[in-house]
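Okay, so here's the structure we're looking at.
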Amino acid sequence: MAKISLRFPKITFWRVVLLMILSAGFYATVLRFTKGLGGTTNLSAQFPWGIWIGFDVLCGVALAAGGFSISAVVYIFHIEKYRPIVRPAILTAFLGYSLACVGLMFDLGRPYNIWHPLIMWNPHSVMFEVGWCVTLYTTVLMLEFSPLVLEKLPWQRPYKIVKSITIPLVILGVLLSTMHQSSLGTLYLIVPHRLHPLWYSPLLPVFFFISAIALGCAMTIFESYLSLRAFRKHLDFHLLTKLGAVGAVTLLVYLVIRVMDMQSRGVLSLAFQPTYEGRMFLAEMLLGVIAPIILLFIPRIRNNQFGLFASALMIVLGFVMNRINVAITGMDQSSGVHYFPSWTELAITASIVTAGFIMFGLAVKYLDVFPPEDMKEIAQGKRAELPALAAFRSPLWSATTLAFVLVVIVLGGTAALSYDGIRRRLPVVALSEGSGSVDVSRGLAELKMPGPIKIKMGKTSPGQCVFSHARHVDQKNPNCSTCHSGLFRMLPTTADIAPDRKMTNCGTCHDGVKAVSVRKEDRCDACHAKS
Amino acid sequence: MDTQTVTKKGLLFDTTLCIGCGACYGACKERNKLPRTNENFLRDNLSADTFTVVNRRNNRFVRRMCMHCNEPTCVSVCPVGALVKSEQGPVSYDASKCMGCRYCVQACPFGVPQYEWDDPITPRVRKCDLCRDRVAAGLATACATVCPTGATKFGNRDELTAEAEARIRANPGRYVNHVYGVAEVGGTSVLLLSDVPFATLGYRTDLLQAPLPHLTWNVLHKLPTVVSIGGVLMSGIWWITKRREEVKKAEREAHSTEKGTN
């Protein structure tokens, strides 16, 4: 186990960047909890869920896809070859869930009540189910992850207990997380009137589930490439290639069902219309579904390190685009506002992601996430560099070059499509008030004004004062709010109006300018009866 | 059964009778002790401090407020049951349960629930509660009590439905032949009559005619089945693959001992 050193950490470029992001996030956090959501986010009643739900929660939770896919493969299907990637996958899943929970703490208006769904049940609510799944699965992931910490402790008992319940935990974990992936889609089933038909479908839970499996494959490949450089000994490249093929087939199934579903709902043509939603949809499908399928179905690219890595990256990006399209793009038209996250929303999101990377790094350093003997070799410089970087040294006309060119085309195309889409975003049009004056003749015919109201007489009153609605109201265009908006009560009988010495009731208008003043004592008989 | 024991209350709003006087707006503010939010009430919008508005749309005055759906989407989506539909019809909110997820704001087909966005610690969801306490005490809602023309009328929902249909029948050609709220999202406690298309007044006419909560419940009620089948299936696969490994191992050992004896 590495020693925890107390030296001041070296100042490097990336450390400065991370520190800057975290400081901005900290400042944004202070603002969030002092000024409220209104003062710090661009959320509104028209757009109540923004990037914290669309990215932090929907995508953070999806990071767990690698965790449940790989642990199912190893523990339930007993395909032992994949065992070396179980631990990093579980770690990523655990971090993903923790970070989604942190994101929720920012998004919830009353985060201190986050435990309420555990005791206040409403089984009809998808959010209730999501709440339970998040709680249970975070616990399961913590237990699944705990051996890494427990094995470092001198006492072996807890370690043995956790080890002995691994299989039930894995089964529970797979059930909970698959349920959860699909219920994030179910969340949006109840908004057919809000979500654009390109994304709204009765099959949303199915789409969320299938795409999460494809993402699970992609995330595993992606992680292996970024941090598992030691793995060539334990995990041969062939395994990742296979995983890529599984991901491609899953995506193909996803693509076919999605297209068939759109065809049957008659909205396929919407995808090709030159609208904001149409372009964003095409970009999502091109980048995240069609391109990786094609790339992964070409054996030369699939078997090429860079090709596989790039395809996996596209699946991940496409997945993020899909979730953001469901949560944000698809809501744009119906909401009547154009939502874009504020800097605080972005800073907090960036900080959460940064914290995730830092925690992953710390876990790799102090716990046996990867086989310890390999870590030692990396430290001694005996291991090769990142395969993704090494791939650039391959000959000019190779699968790498082919993959690279295709990736550039797809990324460029996606960017162009998205830009074109944003350009086509329709301006918000307010409903017409109509021109001229409103014909209120029918209403006026029915108009019944309240009868005369006797004002309570003071001791020095020169005579009874009676208020007449008929005399005060414009019969052609009555406006009750002139007086009944803070000035006079309307609901209880208005009998008890006190004499207005402070000029706050009648005196507001009877000030001598707008109407006869209540102060002008020579004109008392304007309102008071002569006794 | 419920309908026999408790009469469902409701409101009927007839745009052709509304003169835009703002009495309902003022009475609502008064009853709910809400601060003034706009100098001109006709330009006001629903907000955390405004539960009903009268707006001018397509040369008519039209009210907006909570529709108090028969099967409310907001009640169905609330994970903690902070929103409740009472038997008489009002949909009301309990801030002490709320965790502020705003799923109700997101899901309401009429865009009614509002939020106290500027409160950092104890924000509430805000909306009309059909004067729940007044209605329970046998009174009409504040807005209906003060309406001087009868444009907003309080009563039993089925009687109001019948009256709305009777008004359409009695004056053929005056109204759009539809009582808004009878069938929209499974029916609402607030019913609307108009002489111009409802869509031009800002009321959506593309809503489902069935309650929206069915959309999610159709999926949710299958979950226990999915979980049990999934659990059994995975345990089974685990057992089979484990057994296969064991058999393979035993065979290998038997093979090697055979070799050893040879």
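The values are calculated or read from the model by the stated rules, or taken from the named source; none is laboratory data. Because the structure is predicted, anything quoted here is derived from the model rather than measured. A quick note on method: Cβ atoms are made from the backbone with ideal geometry, for glycine too, and the neighbour counts reach across all protein chains shown. Heavy atoms of the whole protein, side chains included, go into the accessibility calculation; ligands, DNA and RNA do not. Shrake-Rupley method; radii C 1.70, N 1.55, O 1.52, S 1.80 Å.
Residues whose amide H comes within less than 5 Å of that of B:Val190, counting only those at least five positions distant or on another chain, are B:Leu11 (H built at 1.01 Å from N in the peptide plane). Per-residue shielding of B:120-131, expressed as the average number of other chain Cβ atoms within 10 Å of the residue Cβ, stands at 3. The protection proxy used here, the mean number of other Cβ atoms lying within 10 Å of each residue, ranks peptides A:104-112, A:13-21, B:13-21 as follows, highest first: B:13-21, A:104-112, A:13-21. Against the main long axis of the alpha-carbon atoms of chain B, helix B:223-261 sits at an angle near 10°.
I need the Kirkwood Rh of the stretch A:13-423: take the reciprocal of the average 1/r across all distinct C-alpha pairs and report it in angstrom.
22.3 Å
Once the convex hull of all Cα atoms in chain B is built, its volume per residue stands at 204 Å³.
Summing Lys and Arg as +1 and Asp and Glu as -1 over all other residues whose Cβ lies under 14 Å from the Cβ of A:Leu99 gives a net charge of -2. Helix content alone sets the calculated 222 nm mean residue ellipticity of chain A: runs of n ≥ 4 DSSP H residues at -39500 (n - 2.57) each, divided across all residues, give -18000 deg cm²/dmol. A convex hull fitted to the Cα coordinates of the stretch A:242-303 yields 70 cubic angstrom per residue. With contributions of -39500 (n - 2.57) from each DSSP H run of at least four residues, the per-residue ellipticity at 222 nm computed over chain B stands at -10500 deg cm²/dmol.
Can you tell me which of B:111-124, A:467-480, A:50-63 comes out highest on packing, and rank the rest after it, using the mean Cβ neighbours within 10 Å?
The densest-packed peptide leads the list: A:50-63, B:111-124, A:467-480.
Across the stretch A:202-339, the fraction of Cα-Cα pairs farther apart than 17 Å, rounded to a whole number, is 61%.
Per-residue shielding of A:41-47, expressed as the average number of other chain Cβ atoms within 10 Å of the residue Cβ, stands at 4. For the stretch A:13-423, the relative contact order is 25 percent, taking Cα pairs closer than 8 Å that sit 6 or more residues apart in sequence and dividing their mean separation by the residue count. Placing +1 on the Cβ of every Lys and Arg and -1 on the Cβ of every Asp and Glu, with nothing else charged, gives the stretch A:13-423 a dipole about its Cα centre of roughly 720 debye. Principal-axis analysis of the Cα atoms of chain A puts helix A:86-107 at an angle of about 10° to the longest axis.
Compute the signed sum of charges (Lys and Arg +1, Asp and Glu -1) over the other residues within less than 15 Å, Cβ to Cβ, of A:Pro274. Don't skip to the end; give the middle numbers.
Details: positive: A:Arg279, A:Arg423, A:Arg424, A:Arg425; negative: A:Glu277, A:Asp420.
Once positives and negatives cancel, what remains is +2.
Could you check what % of the DSSP bridge pairs in the protein assembly as shown are antiparallel, to the nearest 5? Walk me through the numbers on the way to the answer.
Working: 22 of 26 bridges.
Here the antiparallel bridges make up roughly 85 percent for the protein assembly as shown.
For the stretch A:45-136, the Stokes-Einstein estimate of translational diffusion at 4 °C and a viscosity of 1.567 mPa s comes to 88 µm²/s, using the Kirkwood hydrodynamic radius over alpha-carbon pairs. Shown here: the protein assembly as shown, whose C-alpha atoms stretch 133, 63, 55 Å along the first, second and third principal axes, sorted largest to smallest. Sorting A:144-150, A:403-409 by their mean Cβ neighbour count within 10 Å, with the most densely packed peptide first, gives A:144-150, A:403-409. For chain A, the longest principal axis of the C-alpha atoms and the axis of helix A:13-40 are separated by about 30°. Based on protein heavy atoms only, the protein assembly as shown ends up with 47 Å² per residue of surface accessible to a 1.4 Å probe. Positive contributions from Lys and Arg (+1) and negative ones from Asp and Glu (-1), summed over other residues with Cβ under 14 Å from the Cβ of A:Glu345, come out at 0. Taking one equal scatterer on every alpha-carbon of the stretch B:222-261, how large is log10 of I(q)/I(0) by Debye at q = 0.16, 0.30 1/Å? Summing over Cα pairs of the stretch B:222-261 leads to -0.54, -0.87. Entry note: the stretch A:7-93 has Rg to Rh equal to 1.17, where both radii use alpha-carbon atoms and Rh is the Kirkwood radius.
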